[in-house]
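First comes the structure, then the notes that go with it.
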DNA sequence: GGCTTCGTTCCGGTAACCGGAACAATGATT
DNA sequence: AATCATTGTTCCGGTTACCGGAACGAAGCC
């Protein structure tokens, strides 16, 4: 009935089942998945069987549930290796880590959120690390707001009118406050946050643009809140913005305006 | 007709399309995929659209095809982080690399082959590196034969009676020769090869067993053939076998026989 | 030991999907 | 430059493969 709107429903279900494993716990059971996706247990069961057969999932004997399998790892290893965003960012992030002394991260926009693609960990004994590969919403934390601020208007609205869940006590859940904040991020070109996603953590982030000028991700410098204070952030911002700019340009971004006159028409 | 034998065909198609990206080139088009999987272009097109919508694939403007997307990277990052095989192997591989001076690798068995999950690169200037995340057949190279040799009989037969493609001029494609070789691998507990998968490369590998005693992967020490010669291999083998053994035990393997009396019944 | 919840299987009705064909657009070939 | 081949995409009707409610045995919880 609401069929071919974008591909096929059957395929969408399969994708959704798989992607559930990037959000939640390591191990999921048939019933839990069926509940979350609003599907019958029978359907979910069949899909899980197929994915297990192909090695994308494995059955976990101890938790009696399903987990990501070797084929998923293979797929992702390949995707990570070929990710132009990650490859362009990593050398820059290493420099940025050395210059700031704090952990640096690269996030990519995905449908309904963003994920950390990788990080360069601080060498200090007390440091912050992030969960690579887990999906986070776009309305909280610096990397997220950075991406959100530079999204095309309709995508931005979709997020703003959606549910603004609370991650910590400092998460901004008021739509108007969030709008004001996004305007500010757009004005200054970077975002900062303290303990919005994770208590005790602070970070500054700047957006990374694809060749067509859309925000495809963000890089951040992050660490314990008592070390990453106002003074530290002030020091980080120029380094951060320059780094983000270099990555964007490495991805073909020309600076600000939508690409045109790109083709060799002369 | 040949329906629910193992899950659903629709889901299988989706998985197959995705997995095609772990074997072949970075970018694939609708027609190429349809040809390889024996599907109509329309079907493939719909699946690709859905997967793109979910971020698992992205359309590549330059190659005018589809590539793995950020959601795949996220999925894989998570899978890699949670891979008990990889986590158990990496510290041991680092030691093994230091002890041997050559690149060490960890492979996992997947349906229809194996993939490199990760590697610890040699510090030497001339070194060998492998393609992490790409699927390779089970009948050639040391890591592959290692896994194959310790597979349950019926799975082994499935591979032996399947197509034994040629990767290099030194690939063993004769079934009887291969059988003899597998017997030898089982006898000594490790495998070695010279230039079977990649010309100029040599390696020794040992199997890793899961908690139930089945071969779930293999580790290897590999390098340029002129450096990894008979003498070097002789030096590597004991280190290699001990390392593999430690990894297997970390995964719950008790040694040789199928687990029984595992439960705390006393 | 009763109760719930789990994963799994069965089966028929149906609607969602498949595939052939047609389309426009791109790039190769002569 | 014109043709040809191949690509990605869309359309639409027939039918097949799938969906889902229900029932099953098993496992854990109280």
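All of the numbers you see were taken from the coordinates with simple rules; none came from a lab. What you see is a predicted model; the values in this text were computed from it and never measured. Cβ atoms come from the backbone with ideal geometry, glycine included; neighbour counts cover every protein chain shown.
If you take the alpha carbon atoms of the stretch B:1-140 and fit the smallest convex hull around them, that volume is 154 Å³ per residue. Over all pairs of different C-alpha atoms, the stretch B:117-260 has a mean inverse distance whose reciprocal, the Kirkwood radius, equals 15.6 Å. Put a dot 7 Å past the Cα of residue B:157, heading toward its Cβ, do the same for residue B:94, and the two dots end up 4.5 nm apart.
The eigenvalues of the Cα gyration tensor, multiplied by 5 and square-rooted, give the stretch A:81-137 an equivalent ellipsoid with semi-axes of 21, 14, 7 Å from largest to smallest. Here the scattering of the stretch A:26-91 is modelled by Debye summation over its C-alpha atoms, one equal scatterer each and no solvent; at q = 0.28, 0.29 Å⁻¹ the log10 of I(q)/I(0) is -1.13, -1.17.
Distance from the alpha carbon centroid of the stretch B:39-57 to that of the stretch A:12-61 works out to 19 angstrom. Each part gets one Cα centre, and for the stretch A:99-151 versus the stretch B:78-144 those centres are 27 Å apart.
Taking Cα atoms only, the orientation of helix A:41-53 departs from the longest principal axis of chain A by about 70 degrees. Taking A:195, A:113, A:162 as the candidate residues, the one with maximal mean-square fluctuation in a Gaussian network model of chain A, Cα springs under 10 Å, is A:162. Diffusion coefficient (Stokes-Einstein, Kirkwood radius over C-alpha pairs, 37 °C, 0.692 mPa s) for chain A: 164 µm²/s, rounded to a whole number.
From largest to smallest, what semi-axes in whole angstrom does the protein assembly as shown give when each is the square root of 5 times an eigenvalue of its alpha carbon gyration tensor?
Its equivalent ellipsoid spans semi-axes of 40, 28, 24 Å.
Relative to the longest principal axis of chain A, what angle (0 to 90°, nearest 10) does the C-alpha long axis of helix A:9-23 take? So the helix axis and the longest Cα principal axis differ by about 60 degrees.
Take every Cα pair under 8 Å whose residues are at least 6 apart in sequence, average their separation, divide by the length of the stretch A:122-225, and the relative contact order is 31 percent. Helix content alone sets the calculated 222 nm mean residue ellipticity of chain B: runs of n ≥ 4 DSSP H residues at -39500 (n - 2.57) each, divided across all residues, give -14000 deg cm²/dmol. Subtracting the Cα-Cα distance of residue B:23 and residue B:227 from their residue separation scaled by 0.36 nm leaves 70.5 nm.
Taking A:58, A:147, A:216 in turn, the Gaussian network model of chain A (Cα-Cα springs below 10 Å) assigns the largest fluctuation to A:58. Once the Cα atoms are used to define both axes, helix B:84-100 deviates from the longest principal axis of chain B by about 50 degrees.
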